[in-house]
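As structure tokens, the structure follows; a few thoughts come after it.
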Amino acid sequence: MIVCNSSILNTFRSEVFAVSLRWLTLVLLLLLVVSSGFADDLTPAVGTSFLTFYSPETNINNYGLLKGEFDSYFAGRGNFEFQPFSDSSNFDTFVKKKMNCALMIYSRYYQRIGEKIDIKSFLVGTRGRKSTQKLVLCAENSIQSISMLKGERVAIVASREYTTKLLIEILGQQQISLIESLEFLVVPNEIDALMAVGFGVVRGALTSDYNLANLAEISPKDHKLLNRLATSNDILLPLIAARIPNNANTEKLINIIEDMGNNLEGRRRLNMMNLDRFQKLSDADMQILARSTSRGTDQ
């Protein structure tokens with residue numbers, strides 16, 4: 001039989017308690033350090049200028065990756081930070097509070113945000129040397145008219161709400177009941193939307209004329225299976241705008257964005273948004289912007 005001395009047992013208990021207390025203290029200190037690190041991340045450095053981003057036209061699954069890529073590009077070029085948003089309310093709240101920010105937004109949102117703050121457009125995105133695109137509603141060849149698409153599944157890249165507004169603009173108010181009958185399948189990119197028609201996953205797709213032309217090059221067979229049902233007017237690609245009056249740091253940020261298309265690292269990041277570069281708006285671009293904002297399609 002083993003007999004335990006009470007003094008030894010008490011000493012053991014006190015040592016266990018002391019060790020546990022030291023571990024608890026260490027854990028609390030680590031949590032304090034980690035939480036302080038997160039707090040620093042959420043508190044921008046003084047003088048930081050932001051490039052904010054919001055667009056329901058695109059289907060972005062990883063905003064963290066996008067932010068990391070742009071922040072790493074800005075590092076060493078100045079005190080700049082990329083801040084993407086997945087919903088318009090948080091975007092609106094942020095830009096209304098920040099004077100020192102540039103906005104990467106789609107042209108149809110320009111009027112909406114311009115009703116809340118004073119902004120000016122500086123740059124427009126380009127793709128394939130064009131600053132505009134047309135949206136094309138296409139379907140498999142067996143569907144020869146818009147009416148035949150009623151109740152069918154259509155592949156899209158933008159949000160459902162934004163797509164509905166676009167289709168009303170393209171097809172007209174008289175087609176609202178047909179548009180509301182459509183079942184939308186959101187896919188990562190426009191080529192996927194077009195290929196989904198060829199695979200029989202959907203009966204139609206809403207895509208840009210740019211990617212429809214790309215499909216003709218990479219897969220002529222699938223392109224021949226498609227029938228164009230309707231096409232939009234010219235739509236500007238994303239804009240770079242800024243609050244006015246803007247400060248020197250924000251102007252520097254706009255210049256850096258304009259220069260991204262001139263170097264490999266910049267183009268790689270713009271390609272993540274399916275863009276080649278940003279350039280100053282031409283007179284023709286300004287006319288298109290004026291027409292699109294007068295229509296007021298937003299989200």
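To keep it simple, each residue is scored yes or no on (1) out of contact with any Gly (no Cβ under 6 Å at 6 or more places or on another chain); (2) farther than 24 Å from GLY261 by Cα; (3) surrounded by 13 or more Cβ atoms within 10 Å (Cβ to Cβ).
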| residue | (1), (2), (3) |
| --- | --- |
| ASN59 | yes, no, yes |
| ALA75 | yes, no, no |
| TYR110 | yes, no, yes |
| LYS116 | yes, yes, no |
| THR126 | yes, no, yes |
| GLN133 | yes, no, yes |
| LEU149 | no, yes, yes |
| ALA155 | yes, yes, yes |
| LEU166 | yes, yes, yes |
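Go over the candidates ASP71, ASP87 one by one and state the one that is surrounded by fewer than 16 Cβ atoms within 10 Å (Cβ to Cβ) and modelled with pLDDT of 95 or more. Selected residue: ASP71, the only one of ASP71, ASP87 that is surrounded by fewer than 16 Cβ atoms within 10 Å (Cβ to Cβ) and modelled with pLDDT of 95 or more.
Being surrounded by 12 or more Cβ atoms within 10 Å (Cβ to Cβ), of a type in the set (Val, Ile, Thr) and over 18 Å from the mean Cα position of the chain (by Cα) is true of ILE170.
The rows are residues; the columns are (1) out of contact with any Leu (no Cβ under 9 Å at 6 or more places or on another chain); (2) in contact (Cβ under 8 Å) with a residue 24 or more places away in the chain; (3) surrounded by fewer than 17 Cβ atoms within 10 Å (Cβ to Cβ).
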residue: LEU239; (1), (2), (3): no, yes, no
residue: ALA242; (1), (2), (3): no, yes, no
residue: MET260; (1), (2), (3): no, yes, no
residue: GLU265; (1), (2), (3): yes, yes, yes
residue: LEU270; (1), (2), (3): yes, yes, no
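When you look at LEU225, is it in contact with a His (Cβ under 9 Å, 6 or more places away or on another chain) and not assigned by TED's automatic domain parsing to the domain that holds LEU281, yes or no? Taking the combined requirement at face value, the residue does not satisfy it.
The values are calculated or read from the model by the stated rules, or taken from the named source; none is laboratory data. None of the values given here were measured: they were computed from a predicted structure. Because the Cβ atoms are built from the backbone with ideal geometry, glycine has one as well, and the counts that use them run over all protein chains shown.
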